[in-house]
Amino acid sequence: MLVSDIKSRPVYSRLSIDAAGRRHLVLSDAPRPLEAAIDGVHAAAGAIDYWFIAATSTVDGRPAPEPAAGKDAPIERRAFRALPHLLDRLSHRLAQETVGLRLYSVGEEGFIWDIARLARDAGLEEAELRSCHAGSLRRTVFCVHCKTRTPQVTTSLAVCEGCGAHLVVRDHFSRGLAAFMGVQADAEAPGELPPAEELFR
Amino acid sequence: MSARTMPLRVAAAEPLSPRLKAFTLVAADGGLVHPSGPGAHLRLLLRNGAAVHRNAYSIVSSPDDRSHVSIIVRRTRDSKGGSALLHEAVKPGDVIEAGLPANLFPVVRTARKHLMVSGGIGITPFLAYIAAFQAAGTPWELHHFCRIEERAVFEALLAHAPAGRVHIHAGNAFGVLADRLARQPLGTHLYSCGPALLMEAGQELARSLGWPKARLHSESFGGAAEGGAPFIAVLRRSNLEIEVGPQTSLLDAIEAAGVDAPCLCRGGACGQCVVEVAEGEPEHRDHFLDDDERASNRLIMTCVSRARTPRLVLDL
């Protein structure tokens, strides 16, 4: 059985603000309320920025600051049109950031692990990033044969976008590649495919 | 564990100040010295009559140049013999036995920038760091704290380094650090080496500015292994009872009794010398055991730790 409780499968717990951080940047792949995304908003030391993907052309990604209420840290919200819009601004932001920042991401696994990769490339340590899965369980699948990443896979069997191979989607997850491993299903008996089940909704 | 050693010949011994002396050591057989990396130290076996001192010194020369190794020795005021011996008795041409270089203070290869904070003679590992960073082109910044009267000595030691990266703070000028720690780009790692108070203050400041533990690195030298109340160590498996004197470390006493005990750094950092305690309560002075392990009183690092009880029974 290739789909199993394999150890590389990430385990997530609900996000909470790291009290040791001096600035906080929370990223979400959907317009969920900040308090629904993360605990400890009202106890945070330092400003919180909340960036989310609104998936609509009616937003422009500009900062919408909120005056700090009472003793709470100031919060600034930015709504982005799409993932590339958010990632583009995030790269700029991380290039200018200083040690003391904490990054948080909440969303589908494809999203949070793309953020993890970007954060690592920007020099963030594991201790400075917290990630939590929310939403669909669909997977990004890495074809071990042609190295193509196929996003948004919901079934146990997927067609590789690169080489067209029918891949068994394994539970073996790579943090480095931000994807689940996919191996050719009919490698030993060409054309003999197991039935595809919708597992990752 | 009997550590492998190598003989080194003193090629030059040069006073830098009344208390600092630089030694250039070459392989006694005329070949290349053993490879090492930035931050590595050398443990010299210094024989003074019947006494053997095992003093560790950071290698200050570039690890890429294996024609020699250089160290700088500070003569401590209450020297137990090692640094006084090097300052007074060791002359060019002498051959000294040394352990192979070991590194308990390595550079973090994934760091984007290296921020170094040193105090006094704690500059030594950073001289090798700087050579490596300059060769690799990695950004770095050094803040060195020293007494006013020693400023010129450290300026001379750092004279070859790019001026914009080196900041020497003489006298009581620790305050500048908060501003620098608050402005470091993501991916910066902090290294500190020097007096315990300076290192603790620097790390505490960094933590308060949001630096996670993974970015903080420090090397303590000396201090930890200083003596204390005498006690009896019972080596259960060897069936021996040994006296640990006020100026002797537990590890030295075990070795003097002829028992082969595990060890590596002899500074309470590496964890090699850890031994099970069957009876008695250890006085932990190491940097290796975690809080739970300390509280359990089941383990001891023989190189630096001592006993709170008159007797300590060890599984050795």
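The values are calculated or read from the model by the stated rules, or taken from the named source; none is laboratory data. Given the structure is predicted, the values throughout are model-derived calculations rather than measurements. Positions of Cβ are generated from backbone atoms using ideal geometry, with glycine treated the same way; all protein chains shown enter the neighbour counts.
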Worksheet item: For segment B:178-251, list the strands (runs of 3 or more DSSP E) that sit wholly inside it and hold at least 2 residues that are more than 14 Å from chain A (Cβ to nearest Cβ) and touching a Pro at 6+ places or on another chain (Cβ under 8 Å); which are they?
Response: B:231-235, B:240-244
Worksheet item: Out of (1) surrounded by 15 or more Cβ atoms within 10 Å (Cβ to Cβ); (2) out of contact with any His (no Cβ under 7 Å at 6 or more places or on another chain); (3) at pLDDT 95 or above, what's the single condition that is false for B:Ile123?
Response: (2)
Item to complete: Would you check which residues across segment A:91-114 are more than 9 Å from chain B (Cβ to nearest Cβ), surrounded by fewer than 23 Cβ atoms within 10 Å (Cβ to Cβ) and either basic (Lys, Arg) or closer than 22 Å to B:Gln184 by Cβ (or both) and list them?
Response: A:Ser91, A:His92, A:Arg93
Worksheet entry | Residue selected from segment A:144-161 under the condition in contact with a strand residue (DSSP E or B) (Cβ under 7 Å, 6 or more places away or on another chain) and closer than 22 Å to A:Leu118 by Cβ, by the criterion modelled with the lowest pLDDT | A:Pro151
Worksheet entry | Unmet criterion (only one of (1) assigned to a helix (DSSP H, G or I); (2) of a type outside the set (Ser, Thr, Tyr); (3) within 22 Å of A:Thr154 (Cα to Cα); (4) free of Cβ contacts under 8 Å to residues at least 12 places away in the same chain) for A:Gly110 | (4)
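Does B:Val60 satisfy being surrounded by 21 or more Cβ atoms within 10 Å (Cβ to Cβ) and touching a residue at least 12 places away in the same chain (Cβ under 8 Å)?
Against the criterion (surrounded by 21 or more Cβ atoms within 10 Å (Cβ to Cβ) and touching a residue at least 12 places away in the same chain (Cβ under 8 Å)), B:Val60 qualifies.
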Worksheet entry | Sole residue being in contact with a strand residue (DSSP E or B) (Cβ under 8 Å, 6 or more places away or on another chain), free of Cβ contacts under 8 Å to residues at least 24 places away in the same chain and not β-branched (Val, Ile, Thr), chosen from A:Arg89, A:Arg62 | A:Arg62
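Answer with yes or no whether A:Ala45 is at pLDDT below 90, farther than 17 Å from A:Cys132 by Cα and among the hydrophobic types (A, V, I, L, M, F, W, C).
yes
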Worksheet, complete the sentence: Condition set touching a Pro at 6+ places or on another chain (Cβ under 9 Å) and not hydrophobic (A, V, I, L, M, F, W, C), scope segment A:13-40, selection farthest from the other protein chains (Cβ to nearest Cβ): answer is A:Asp18
